[in-house]
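Read the structure below first, then the notes.
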Amino acid sequence: MSQFLQVVLSGLSTGSIYALAAVGFALVWQAAQTVNFAQGEFVMLPAFFALVAIHWFGWPLWAGFAFAMLASLAILGLAFKGLVVQPMMPDGGLPLVIATMAVSILLKESVKTFYGAEAQPFPSPLPDGTLQIGGAVISIRDLFDLLASLAVVGGLTLFLDRTRTGRQMQAAAQSPAVAEILGVDVARMTLYAFLVNAALAAFASFLVSPTYLAKFSNGESLGLVAFIAAIVGGFNRIRGALVGGLLVGVLDNLVATYVTQEYRAALPLVLLIAVILWRPQGLLGDAEGRTV
Amino acid sequence: MSLSTTGAAAGAPHLSVRGVTKRFGNIVAVDDVSFDVKRGEILGLIGPNGSGKSTLFNCILGQIAPDAGAVEVDGKAVTGRRACDLAKLGVGRTFQQLAVFPGLTVHDNVVFAGQEHEGTLLGRLFGKPDAGLSEEADRLIEFFRLSHVRDRLAGDLSYGQRKLVDAAMAFMSGPGLVLLDEPAGGVNLTMLAELKERLVAYNRERGTTFVVIEHNMDFVMSLCGRVMVLAEGRVIADGPPEAVRADKRVVDSYLGG
Amino acid sequence: MSSRRPLALIVAAVLLAVLLILPVGHGSYFIYLLCSWLMFTIAAMGLNLTLGYAGRISLAQASFMGVGAYTTAILTLHGWPWLAAAPVGVLLCFVVGLLLGFPALRVRGHFLAFVTLAFNTLFFLVARNEDWLTGGSYGLSDIPRPRIGPISADGQLAFYYFTLAVSALAILALWGIVRSPWGRAFKALRENEVRAESLGLDTRRITLLAFAIGSAFGGLAGAIEAPLVQYIEPNSFAVGESLKVLLMVVVGGLGDFWGPALGAAMVVLLPEALRGTRYYLIVYALFVIALMVLKPTGLMGIGKTFLARLAKSRAAAATEAKP
Ligand SMILES: Nc1ncnc2c1ncn2[C@@H]1O[C@H](COP(=O)(O)OP(=O)(O)OP(=O)(O)O)[C@@H](O)[C@H]1O
Ligand SMILES: [Mg+2]
């Protein structure tokens, strides 16, 4: 029983990081119909911004994180939106998908070429200790990851539902034309979505890298899991993406521990196929209108 | 091709609709509608916007599944059959929204409209690229005065021209029963007169049966031998044009004083 | 249309002649690259049928190359001749492709993309974990080169001509499909499914066929890849490779018959051309982004725009010269 609890808790912790990536993915999807195939690399890159500041510039830890956050907002938010997505709107379609794939190659190769191909240890301000919860042992880091992610997503949900800007962002995403008429600055709201995505990705990067090390290829599996989480939860729901992320994290851990190690990666995929075929709108999503 | 004439001897109505009902959430779009169309008849279907005319067509043609009711074509039950099966039974249609293939030429649009009725699946793979339909397609294109745009992409045509391509496609397979959803919308007056003439000619020469949805009253009243009125999904009148025009309920709900 | 047919034939003949003499005198790596280009062209042309013509996305083309390659490898390692093994692989891909088409009857666009992508990953996991069949992550090695009667394709140049012959036949077959009524039906499905169905097209059947045929071409590419590299392992058929094939199709020009050949050339050969520099993949990625942002219709789109401009300026010059 205590092993089970432990497996679930550490699954929740990993899942919460997936959720951050998935929520950002869903936001960008809503705001600009962009399926970002570089989302995994978006989570991989900010850790290297921090490493550059810390090791190359010799900055302290907190300054490194601040620098990484700003660089992410500028490059993964502003530049990505302005240089790649914006010119291809309103309907980017497949060329936009291809462009994001190329962005993913670009980011990966840049890190490999300019920083290095080996996995890099990544500093964490948190202590290494563990805690006992109901017989289960969980590391402080894991617990922090889970609580911090939940707090961030919770805060984001409040922002979207309760503030004027948040509601304008939702309106702009749902029906840009109507929002425009009602005086919403749709272009600005779309930009906000990209900035929030960049911030979420940077945050996820800081959380995931101390445990899994920073490596140029980290994004490959992360991106796929983020898609899966977003779709399982419901493309058009922030809360859905959160639940999807946690679900995938926990299931993945359970399968690996109790069923099969070789096919642990298969379960989320089977779940994905099942959800898409039986409930395309996701577990928590709303059905989209049909046209005959 | 010959399917359209087989049921004639049996004396069964060409199209028979019994108790068809379709709901969308709380809206009852089509409410227990029943009617027959005799072979060679031209039936007009009118009614206010949102009265369920297009939905009724979609239910008849297998485009959407009705919640209740039965449809027969030539005495054959076709309820629940797919739209492509109905096409094979000799039922043609046009859509209210533009329904052409924008990336194909006008000629290809019309050839496609006939090709699935020719030969077998494998026969089509190994047969001629135009399935032997090029001349027939050109005749129809000529018939609808589209010859000058024959090789243009359908997506580049004007609204009215696309409407005509849509109509040409409905006739390509030589259907015995054709359901037209607002064929006159966006078509200019001269062409409209010609369109009416052509429908009448088809009807007289080949005995083609028509059901026509149209808001243009002059067009309906002069073309159709019988008019049916739908309001809020229900049939509120059915009879000769003059009688329907005089019907009090129809005047109140649709035609206006 | 008919006035353009002789031109297309001439172009094809010239192209074939060029391809016949191109490798002569070149080293074996260059010939390997040409074979690789032909192989990816077949895979990309198959995907182009599913995606470009029929409008249904598949991100699983690499898994079909995998099915074709593993089938061919396993059977030829058991002593089957290539001519018998390859068709089995292609047929298997046809059937599996047909099955993968079923999700396409329910979902479209991004959802279909993810279902097929998930399928590819599942295939990868099976290839990596089922050692008894696929050799696991060590893969299968010493795959024999084809031998047809007394002629063996052991040498690099001989194998190139073998690949060229197979590719030419495959492309010819695809050309036949595309210009038959089936080709028109695929396009009709892409353009307006509801209208196509109302005109008698069995849209389910044609959707499944689009997947099955496209996948079969992926299988054929795999059947060439196995004896080409003579060593196959799961990573050659991972999702990343499927995305590469998709890149070829879109970069070349979606729905254009020859687009995939151009796209495959770019994806296979451009990195090689840039290989001298340390930054080649970065330059390559930047190029793809720029191309997609500036010209979403791809390389064929650029070519067509250029030809159209040329024709226009010629026409303008001609009318100016008249009076
Ligand atoms: N796919 C759908 N989903 C939900 N409601 C629908 C759908 N199709 C039609 N409706 C509703 O059903 C009712 C009937 O619509 P329908 O299109 O049949 O009307 P109509 O008589 O053809 O109108 P018009 O003359 O404007 O074409 C309307 O209230 C419409 O909103
Ligand atoms: Mg209507």
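Which one of C:295, C:244 is at the interface with chain A (Cβ under 10 Å from one of its Cβ atoms) and modelled with pLDDT of 90 or more? Quick ask: steps written out before the conclusion?
Details: C:295 fails: modelled with pLDDT of 90 or more.
So the residue among C:295, C:244 that is at the interface with chain A (Cβ under 10 Å from one of its Cβ atoms) and modelled with pLDDT of 90 or more is C:244.
Consider residue A:39 against the criteria (1) free of Cβ contacts under 8 Å to residues at least 40 places away in the same chain; (2) under 25 Å from residue A:151 (Cα atoms); (3) not basic (Lys, Arg): it satisfies all of them except one. Which criterion is unmet?
(1)
Only one residue in C:228, C:174 is of a type in the set (A, V, I, L, M) and either away from every other protein chain (no Cβ under 14 Å) or assigned to a strand (DSSP E or B) (or both), so which one is that?
Details: C:174 fails: either away from every other protein chain (no Cβ under 14 Å) or assigned to a strand (DSSP E or B) (or both).
Result: C:228 is the single residue among C:228, C:174 that is of a type in the set (A, V, I, L, M) and either away from every other protein chain (no Cβ under 14 Å) or assigned to a strand (DSSP E or B) (or both).
Looking at (1) in contact with a helix residue (DSSP H, G or I) (Cβ under 8 Å, 6 or more places away or on another chain); (2) not in a helix (DSSP H, G or I), which is the only condition residue A:96 fails?
Exception for residue A:96: condition (2).
Quick one: which residue in B:165, B:187, B:200 is outside the structural domain of residue B:108 (by TED's automatic domain parsing) and either crowded, with 16+ Cβ neighbours inside 10 Å or at pLDDT below 90 (or both)? Outline the logic, then answer.
Details: B:165 fails: outside the structural domain of residue B:108 (by TED's automatic domain parsing); B:200 fails: either crowded, with 16+ Cβ neighbours inside 10 Å or at pLDDT below 90 (or both).
Checking each option against the conditions leaves just B:187.
State which residue pairs qualify: first residue within 16 Å of ligand 1 (Cβ to nearest atom) and inside segment B:85-96, second residue open to solvent by 10 Å² or more (accessible area, probe 1.4 Å) and of a type in the set (Asp, Glu) in any location, beta carbons under 8 Å apart, and separation of 6 or more residues or different chains.
B:96/B:182
Any residue in segment C:81-98 that is aromatic (Phe, Trp, Tyr) and open to solvent by less than 20 Å² (accessible area, probe 1.4 Å)? Steps first, please.
Residues of segment C:81-98 aromatic (Phe, Trp, Tyr): C:82, C:94.
Now narrow it down to the ones that are open to solvent by less than 20 Å² (accessible area, probe 1.4 Å): none.
No, that holds for no residue.
Which of the residues that make up segment B:112-122 are facing chain C (nearest Cβ under 9 Å) and either part of a helix (DSSP H, G or I) or open to solvent by less than 40 Å² (accessible area, probe 1.4 Å) (or both)?
B:112, B:113, B:114, B:115, B:116, B:121
Checking the condition more than 14 Å from chain C (Cβ to nearest Cβ), of a type outside the set (Val, Ile, Thr) and open to solvent by less than 30 Å² (accessible area, probe 1.4 Å), which residue from A:139, A:149 passes?
Values: A:139 fails: open to solvent by less than 30 Å² (accessible area, probe 1.4 Å).
Sole residue among the options that is more than 14 Å from chain C (Cβ to nearest Cβ), of a type outside the set (Val, Ile, Thr) and open to solvent by less than 30 Å² (accessible area, probe 1.4 Å): A:149.
Could you check, for segment A:90-112, whether at least one of its residues is open to solvent by less than 10 Å² (accessible area, probe 1.4 Å), among the hydrophobic types (A, V, I, L, M, F, W, C), within 12 Å of another protein chain (Cβ to nearest Cβ) and in contact with a Ser or Thr (Cβ under 7 Å, 6 or more places away or on another chain)?
yes
How many residues does segment C:98-115 contain that are outside any helix (DSSP H, G or I) and among the small types (Gly, Ala, Ser)? Let's see the steps before the verdict.
Just the residues of segment C:98-115 that are outside any helix (DSSP H, G or I), to begin with: C:107-108.
Now drop any that are not among the small types (Gly, Ala, Ser), which leaves none.
Here the count works out to 0.
Consider residue A:37 carefully, then state whether it is within 11 Å of chain C (Cβ to nearest Cβ), within 20 Å of residue A:216 (Cβ to Cβ) and in a loop (DSSP other than H, G, I, E, B). Spell out how you get there, then give the answer.
Numbers: within 11 Å of chain C (Cβ to nearest Cβ): yes; within 20 Å of residue A:216 (Cβ to Cβ): yes; in a loop (DSSP other than H, G, I, E, B): yes.
Spelling it out, residue A:37 is indeed within 11 Å of chain C (Cβ to nearest Cβ), within 20 Å of residue A:216 (Cβ to Cβ) and in a loop (DSSP other than H, G, I, E, B).
Does any residue of segment B:73-80 turn out to be farther than 24 Å from residue C:204 by Cα, open to solvent by 30 Å² or more (accessible area, probe 1.4 Å) and more than 16 Å from ligand 1 (Cβ to nearest atom)? If you could, list the steps in order and put the result at the bottom.
Initially, segment B:73-80 is screened for residues farther than 24 Å from residue C:204 by Cα, giving B:74-75.
Applying the additional criterion that residues be open to solvent by 30 Å² or more (accessible area, probe 1.4 Å) yields B:75.
Keeping just the survivors that are more than 16 Å from ligand 1 (Cβ to nearest atom) gives B:75.
Scanning segment B:73-80, I find at least one residue that is farther than 24 Å from residue C:204 by Cα, open to solvent by 30 Å² or more (accessible area, probe 1.4 Å) and more than 16 Å from ligand 1 (Cβ to nearest atom), so the answer is yes.
Being within 17 Å of residue A:28 (Cα to Cα) and part of a helix (DSSP H, G or I) is the filter here, so list the residues in segment A:178-196 that pass it.
Within segment A:178-196, the first condition is being within 17 Å of residue A:28 (Cα to Cα), and the residues that meet it are A:185-196.
Selection gives A:186, A:187, A:188, A:189, A:190, A:191, A:192, A:193, A:194, A:195, A:196.
I need a count of the residues in segment B:168-183 that are open to solvent by 10 Å² or more (accessible area, probe 1.4 Å) and within 16 Å of ligand 1 (Cβ to nearest atom).
2
Might you check whether a residue that is open to solvent by 30 Å² or more (accessible area, probe 1.4 Å) and within 12 Å of chain C (Cβ to nearest Cβ) occurs anywhere in segment A:222-229?
Within segment A:222-229, the subset open to solvent by 30 Å² or more (accessible area, probe 1.4 Å) is A:224.
Retained after the next criterion (residues that are within 12 Å of chain C (Cβ to nearest Cβ)): A:224.
Checked against the condition, which is being open to solvent by 30 Å² or more (accessible area, probe 1.4 Å) and within 12 Å of chain C (Cβ to nearest Cβ), segment A:222-229 yields at least one hit.
What number of residues within segment C:220-234 are more than 22 Å from residue C:166 (Cα to Cα) and either without any contact (Cβ under 8 Å) to a residue 12 or more places away in the chain or within 15 Å of the chain's Cα centre (by Cα) (or both)?
Residues in segment C:220-234 being more than 22 Å from residue C:166 (Cα to Cα) and either without any contact (Cβ under 8 Å) to a residue 12 or more places away in the chain or within 15 Å of the chain's Cα centre (by Cα) (or both): 0 in total.
Select the helices (runs of 4 or more DSSP H) contained entirely in segment C:250-323, then report the ones holding at least 2 residues which are more than 30 Å from residue A:91 (Cα to Cα) and open to solvent by less than 50 Å² (accessible area, probe 1.4 Å). Steps first, answer last, please.
On the way: elements: C:259-274, C:280-294, C:298-321.
Because the criterion is at least 2 residues that are more than 30 Å from residue A:91 (Cα to Cα) and open to solvent by less than 50 Å² (accessible area, probe 1.4 Å), the helices (runs of 4 or more DSSP H) in segment C:250-323 that meet it are C:259-274.
Within segment B:1-102, which helices (runs of 4 or more DSSP H) (wholly inside it) include 3 or more residues that are within 28 Å of residue C:184 (Cβ to Cβ)? Please lay out each step first, then the result.
On the way: elements: B:3-6, B:53-60, B:83-88.
Those helices (runs of 4 or more DSSP H) span B:53-60, B:83-88.
In segment B:178-219, how many residues are away from ligand 2 (no atom under 14 Å from the Cβ), of a type in the set (Val, Ile, Thr) and either assigned to a helix (DSSP H, G or I) or closer than 17 Å to residue B:54 by Cα (or both)?
Here the count works out to 3.
When the residues of segment B:37-67 are narrowed to those that are more than 8 Å from ligand 1 (Cβ to nearest atom) and over 20 Å from residue B:199 (Cβ atoms), which ends up farthest from the chain's Cα centre (by Cα)?
B:67
What number of residues in segment A:77-89 are more than 18 Å from residue A:189 (Cβ to Cβ) and more than 7 Å from chain C (Cβ to nearest Cβ)?
The total comes to 2.
Looking only at residues in segment B:10-42 that are within 16 Å of ligand 2 (Cβ to nearest atom) and open to solvent by 60 Å² or more (accessible area, probe 1.4 Å), which one is nearest to residue B:71 (Cα to Cα)?
Within segment B:10-42, the match that is nearest to residue B:71 (Cα to Cα) is B:24.
Kindly indicate the residue of segment C:1-55 that is within 14 Å of chain B (Cβ to nearest Cβ), open to solvent by 10 Å² or more (accessible area, probe 1.4 Å) and not in a helix (DSSP H, G or I) and also farthest from residue C:104 (Cα to Cα) among those meeting that condition.
C:1
The values are calculated or read from the model by the stated rules, or taken from the named source; none is laboratory data. Values in this document were obtained by computation on a predicted structure and should not be read as measured data. Every residue, glycine among them, receives a Cβ derived from its backbone with ideal geometry; neighbour counts consider all protein chains shown. All accessible areas refer to the heavy atoms of the entire protein, side chains included, with ligands and DNA or RNA removed. Shrake-Rupley method; radii C 1.70, N 1.55, O 1.52, S 1.80 Å.
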